[in-house]
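These notes concern the structure reproduced below.
The numbers here are math on the coordinates, done by the rules we state, and not lab data. Keep in mind that this is a model prediction, so the values were computed, not measured. Quick reminder, even Gly has a Cβ in these numbers, built from the backbone with ideal geometry, and neighbours come from all protein chains shown.
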Amino acid sequence: MISQLEKSHNLKGLLNSECLEFLMEAHSGLSAVIAEEVGFKGLWASGLSMSAMTGCRDRNELDISEVCKIVEWMSDHTNIPILVDGDTGGVDINAARIMVNKLVKAGAAGVCIEDKLYPKHNSFLDNSGSDLANPEVHAGKIRAMKDENPEFVVIARLEEFISGLGVDEAYRRALIYQEAGADAILVHSKIKTADEIISFMTKWNDDKKQGKVRVPIVIVPTKYYKVSTGVFRDIGISTVIWANHNLRASITAMEEVSKEIYKNQSLESIESRVAPVSEVFRLQKDSEAEEMERKYMPNPSEGSALILGGKDSSSGVSVVKTLIDKDTSYLAFQTETYASRGINRIGLVVSDSNKGMSYNVDKLVVNKMHNSSEVGSIYYGLKECSYRDLPFYISYGDIAFKRTVIDRLNEDTEADIVIAVESSPSHGTHYKEYVTLDFDNTPKYSGSYGIKSCGTQEPSQFSMIGMMKVNSVVAFNAMFLESDRLRRNSNLRFIDLLKELLTYDSLNIKCVICSNHDWFDLDDSSKNRTKFDS
Ligand code: SPV
Ligand code: MG
């Protein structure tokens, strides 16, 4: 994490750099994270955007503590410097001093204060311009702020062009503010061309050529957006602020989506146009939280498991038969195999008609839609089980497997989901779920492989044995959301869920290849069950 002091230094670095630099507007932790991720080196905490985000107006309706809270969210989740829109710098000199200290604590790198009277209103409102501050009072605020914390960046913003005063008055004040200690001057303009900015820069550059010290100049081209960036470079601008475009982009997107959902009373038409929930988790760095939990939380368990108790007898396979069979209880066999690897919390999903039986498991989950959907069983199972017990194994009640299958799954600790497959697709009577892997055809029982395609048609290199490991909260959540979405379709199976999960770019799904000696399908009478005593 970069310290506040470093952030101030980095902002000074941007202001004084040889090339034209850019600050992107942000108004929330999320928009700040996005702007940093796309590559911006600094952020503008816009007063207009922060107030709009809260539903307030840009008229000092937010107090400094509220602004600081938003800035803190932004700075907590980013490493790039934040220049905060400090409006007028508060009601007076003491308010300006308090502002600096509070913003430093919130992690801001600097503040920009405009030479208007408190309470200000946005410079693009029609009636703006009649509220200029006395420049000596404004300079006093700048001096007080710099004395309070000399490292903290203070930028003085000129409102003279906004007020209809010419370049001479703007220039006169710029020198007063520079003299007071401002690290840079922001020249504001609301006309559609860069004429005012150019007239200012011509004088500024002339003075510089004569050896006079002139601080960097910052601009906000919201109204003269058609002027090419090359012009700003040519006239020696230091930094351009894209002042409100994340806010305005989000307004457009929210209006469009809200209207459409309201009109259609359905989400279907917009789903492909909105960020998937997994993207929200990614931006929140949820997997990092999960990693830390695993690192620091005492957790005697090596994970948890869910056994899907097969289908109802109506569909040909009896859950009772497969789980509690004559002399050997295959349910006990599965739970003991899990326990041998420290996996003690086990949930079992059964159909409504089988719920009265006695099962020796940690949690009994009833799939109310059991007759129709395997995906429904996965949904109910995930719903009832806690992701804190990752990794989370899922196996079908219709198989028996050795602990070596768990070990194979655990060889891949990186993938979000690891699926056990075997190389012979000839087994089984009802799990015709095949995958083609990124596999070079050398028989191997090590390593894990990505999935090129999956389906229910032979031939394919590999078939799924009915066991998998969910290794991340992101994967857990994606499976939960997708199984919820699909579960009402009858007869959907894991393969249908997998097809959906494979469309998630953010999910890393891998397969490990198991030996067909390590497991068998209880409905495959060709296999000798007695081999499974070990
Ligand atoms: C802001 O983004 O709040 C600004 C810039 O102060 S402007 O809205 O252009 O005045
Ligand atoms: Mg503002």
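In table form, for the structure just shown:
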item: Principal-axis tilt of helix 195-209 within the chain, Cα atoms, nearest 10 degrees; result: 70
item: Those trypsin sites (Lys or Arg not before Pro) in region 201-309 that DSSP places in a loop and that have at most 12 other beta carbons within 10 Å; result: Lys212, Lys226, Lys285
item: Residue order, fewest to most beta carbons within 10 Å, for Leu522, Leu11; result: Leu522, Leu11
item: For region 1-132, size of Cβ-based charge dipole, Lys and Arg +1, Asp and Glu -1, in debye; result: 300
item: Rounded to 10°, Cα long-axis angle of helix 29-38 versus longest principal axis of the chain; result: 90
item: Between 0 and 90°, nearest 10: helix 286-296 axis offset from the chain longest Cα axis; result: 70
item: Value of [θ]222 nm, deg cm²/dmol, for the chain, DSSP H segments ≥ 4, -39500 (n - 2.57) each, nearest 500; result: -11500 deg cm²/dmol
item: Dimensionless Rg/Rh of region 345-416 - Kirkwood Rh, Rg from C-alpha atoms; result: 0.99
item: Rounded, prolate or oblate (a/c below 1.5 giving rounded, otherwise prolate when a/b exceeds b/c) for region 212-302 by Cα gyration tensor; result: oblate
item: Stretch gain in nm, segment Lys192-Lys208, where the contour uses 0.36 nm per residue and the Cα spacing is subtracted; result: 3.1 nm
item: Spatially near lysine pairs across region 17-168, Cα under 17 Å, sequence gap of 8 or more or different chains; result: 7
item: 9 Å beta-carbon shell around Val137, net charge (K/R +1, D/E -1); result: -2
item: Loop-resident sites, region 264-297, for GluC sites (Glu not before Pro), counting at most 16 other Cβ within 10 Å (DSSP); result: Glu268
item: Peptide ranges 333-346, 156-169 listed from the most packed, as the mean C-beta count within 10 angstrom indicates; result: 156-169, 333-346
item: Simple label model, 7 Å out from Cα along Cβ direction - Ile2 to Asn264, nm; result: 4.1
item: Spin-label pair Met357/Arg273, simplified geometry with 7 Å Cα→Cβ offset, distance in nm; result: 5.0
item: Relative contact order [Cα under 8 Å, 6+ residues apart], the chain, whole percent; result: 11
item: Between region 44-80 and region 243-264, the Cα center-to-center distance that results, in Å; result: 20
item: Compactness of the chain - radius of gyration and Dmax, Cα, Å; result: 31.8, 100
item: Rh by Kirkwood over Cα pairs, then Stokes-Einstein D for region 60-142 at 0.692 mPa s and 37 °C, µm²/s; result: 247
item: Gained length - His517 relative to Glu336, 0.36 nm times residue gap less alpha-carbon distance; result: 63.3 nm
